[in-house]
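The values are calculated or read from the model by the stated rules, or taken from the named source; none is laboratory data. Here the structure is a predicted model, which means the values were calculated and not measured. No Cβ is skipped: glycine too gets one built from the backbone with ideal geometry, and neighbour counts run over all protein chains shown.
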Amino acid sequence: MARILTRAYRRRGKIWATLAAATLAVTAFTPPAEAAPDRLSVDTYALPIGVKPPTLSELQRPGYLARLGKSLERQRLEAGQGEIAGPAASLLSEEKGSGVRSSTPPVQTGNGGTYPDPPRSMSDKECHKNLNNGLFYFKSRFAMCGALQLLQVWGRNGRPVGESGFMVTVLGTVPDAKDRSVRFDYHFSNFAATGNTKTSGLIVNTKVEQTILVSHARKRESGLIPPKKSFDALRAAPNYRHNVIFDAGQGAKPDDLITMAYDPSVSVKYPTGYVGTNPGPERVTFTAMNWDAAPYLPNSRASDPKKRGGVAFANKATLHYSSKQGAPEKAVADHLKLAHTNPSKTKPPNSHKNVPGFELKRPLHRLYPDRDKSRYRANRRTAVRMCVTYWGKDYATSDPAGPRECDEYPFASTYEGAGQHSKEPSAPKDNFSALPIPKAQNKAGGTILALFYDKNRILHGRDSKGKEVDAYLMTID
């Protein structure tokens with residue numbers, strides 16, 4: 001019996017020994033625990049058009065991304081509300097990008113000054129050249145643009161391993177003077193991807209805020225705002241057109257005015273599994289439009305009531321006068337330049353004289369005579385009185401060189417004219433200049449001004465409560 005038990009224990013010992021050896025073998029060959037997954041990231045940067053995107057090798061340099069962020073922050077310019085006239089100006093928040101504007105010089109002819117048709121088209125190349133890192137470029141009241149680059153830096157465990165990027169350009173135009181349509185062309189371009197990226201999962205989303213400042217007006221739209229698409233799909237179909245129109249007869253009296261702000265932005269959504277900084281929607285540009293059927297502007301009597309009037313961007317257009325030899329309006333330009341740069345040499349005397357019209361924050365506002373005949377007459381009467389006071393009652397005929405007329409700045413057809421103080425006691429007194437100049441040159445200056453008003457659809461500048469509706473600026477070469 002003892003021998004049987006001994007054999008049993010021996011067999012049991014062998015079993016445990018075998019099990020122990022097997023356990024040691026399993027332990028010895030168990031693979032190590034799985035390594036932590038890579039941390040995948042994407043960081044997006046908004047670049048002005050004038051900034052060249054960095055290369056991947058540059059991004060991989062120590063400290064480069066931090067320096068890039070600081071550099072871009074320094075380039076974020078304030079978007080001055082002064083670029084936009086009227087109620088839409090309040091919708092231009094102080095974000096980034098100043099505006100750039102252009103003026104159309106008058107055409108010189110042997111019969112006196114005239115004014116050309118403002119341009120109504122623009123190319124991407126022209127936009128980028130003139131944008132100057134700004135939020136918008138106004139070529140005219142009928143052609144504007146904005147553009148932006150978006151750069152994505154793809155990372156693995158905190159190190160850049162790839163980059164991608166694209167550019168978006170928005171061209172806004174009013175192609176036809178007799179059509180109330182505004183066209184917005186969206187062009188996505190300069191697509192690039194280097195290194196390890198996942199652009200097929202990078203979603204690009206374009207949104208447009210359209211704020212109508214006349215609540216009951218209803219717009220019509222056609223075409224397409226760019227739909228939400230992946231980077232790769234957008235590269236395959238990069239161009240879109242969005243048209244906006246308001247029929248006449250819906251606007252605020254007396255000019256049937258409808259104002260709308262147009263504010264496009266672009267954002268990106270990262271692929272699943274990627275984390276990182278995302279600036280959110282980036283404003284590409286900003287503009288506002290005025291639709292009107294003002295009786296004193298072109299096309300106000302179109303046979304179809306819905307097609308009367310027209311539309312223009314609400315930027316402050318710039319009236320250009322030339323002081324160059326041979327310019328038909330030279331005497332007018334010389335007078336305005338003197339009033340602006342050396343007011344102490346002008347009449348009436350005023351040691352604090354500082355005429356408006358040459359700064360964004362102090363523009364001119366059109367005064368249509370039929371809207372306020374009393375004010376218009378006060379402007380003209382006050383200016384002529386100064387010419388009589390300082391050059392005599394015969395100022396018009398006393399110059400042997402020929403007949404003269406009393407020129408004034410600011411113009412009689414502005415709220416800022418010579419009679420402003422008599423209508424607005426809070427306005428500075430004698431903040432204008434009057435000067436007899438050759439009659440022919442004064443007529444030429446007046447012709448240019450009238451055509452500027454018409455061809456740029458400059459509206460009566462203030463409403464019945466005195467609030468700004470439209471405004472414009474001056475420049476003298």
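Tabulated data for the structure shown
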read-out: Residues of region 266-282 satisfying the condition of being closer than 21 Å to V168 by Cα and either surrounded by 23 or more Cβ atoms within 10 Å (Cβ to Cβ) or in contact with an Asp or Glu (Cβ under 6 Å, 6 or more places away or on another chain) (or both); value: V266, T277
read-out: Conditions (1) modelled with pLDDT under 85; (2) surrounded by 13 or more Cβ atoms within 10 Å (Cβ to Cβ); (3) over 30 Å from A444 (Cβ atoms); number of the one not met by D124; value: (1)
read-out: Residue within region 316-331 that is over 25 Å from the mean Cα position of the chain (by Cα), in a helix (DSSP H, G or I) and modelled with pLDDT of 95 or more present; value: yes
read-out: Members of region 349-399 found to be surrounded by 19 or more Cβ atoms within 10 Å (Cβ to Cβ), in contact with a His (Cβ under 7 Å, 6 or more places away or on another chain) and either without any contact (Cβ under 8 Å) to a residue 12 or more places away in the chain or not hydrophobic (A, V, I, L, M, F, W, C) (or both), listed by number; value: R366, Y368
read-out: Filter result (over 15 Å from A89 (Cα atoms) and assigned to a strand (DSSP E or B)) within region 351-368; value: E359, L364, R366
read-out: Condition check for V214: of a type in the set (A, V, I, L, M, F, W, C), surrounded by 15 or more Cβ atoms within 10 Å (Cβ to Cβ) and over 20 Å from the mean Cα position of the chain (by Cα); value: yes
read-out: Some residue of region 246-260 being touching a strand residue (DSSP E or B) at 6+ places or on another chain (Cβ under 7 Å), within 21 Å of D124 (Cβ to Cβ), part of a strand (DSSP E or B) and not assigned by TED's automatic domain parsing to the domain that holds R457; value: no
read-out: Qualifying positions in region 394-426 - farther than 18 Å from S374 by Cβ, aliphatic (A, V, I, L, M) and out of contact with any Lys or Arg (no Cβ under 6 Å at 6 or more places or on another chain); value: A401
read-out: Test set (1) under 23 Å from the mean Cα position of the chain (by Cα); (2) free of Cβ contacts under 8 Å to residues at least 12 places away in the same chain - A236 fails condition number; value: (1)
read-out: Residue match in region 143-152 (condition: part of a strand (DSSP E or B), hydrophobic (A, V, I, L, M, F, W, C), touching a residue at least 12 places away in the same chain (Cβ under 8 Å) and more than 23 Å from P281 (Cβ to Cβ)); value: yes
read-out: Test result for C387, modelled with pLDDT of 95 or more, more than 23 Å from D454 (Cβ to Cβ), part of a strand (DSSP E or B) and not assigned by TED's automatic domain parsing to the domain that holds D255; value: no
read-out: Region 442-470, residues that are part of a loop (DSSP other than H, G, I, E, B) and either crowded, with 22+ Cβ neighbours inside 10 Å or under 26 Å from the mean Cα position of the chain (by Cα) (or both); value: N456, R457, I458, L459, H460, G461, D463, G466, K467, V469, D470
read-out: Among residues of region 406-441, those that are within 12 Å of Y376 (Cβ to Cβ), out of contact with any Leu (no Cβ under 9 Å at 6 or more places or on another chain) and part of a loop (DSSP other than H, G, I, E, B), counted; value: 2
read-out: Members of region 217-231 found to be of a type outside the set (G, A, S) and either surrounded by fewer than 15 Cβ atoms within 10 Å (Cβ to Cβ) or outside the structural domain of G280 (by TED's automatic domain parsing) (or both), listed by number; value: R218, R220, E221, L224, P227, K228
read-out: Some residue of region 297-307 being under 22 Å from T211 (Cα atoms), among the hydrophobic types (A, V, I, L, M, F, W, C) and not assigned by TED's automatic domain parsing to the domain that holds N456; value: no
read-out: Close pairs (7 angstrom Cβ cut-off, 6 or more residues apart or separate chains): of a type in the set (S, T, Y) in region 120-134, assigned to a helix (DSSP H, G or I) anywhere; value: none
read-out: Count of region 217-235 residues which are basic (K, R) and closer than 27 Å to A193 by Cα; value: 3
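A quick yes/no check of all residues on (1) at pLDDT 95 or above; (2) assigned to a strand (DSSP E or B); (3) within 30 Å of V153 (Cα to Cα):
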residue: H187; (1), (2), (3): yes, yes, yes
residue: N190; (1), (2), (3): yes, yes, yes
residue: A193; (1), (2), (3): yes, yes, yes
residue: T197; (1), (2), (3): yes, no, yes
residue: V204; (1), (2), (3): yes, yes, yes
residue: V208; (1), (2), (3): yes, yes, yes
residue: H216; (1), (2), (3): no, no, no
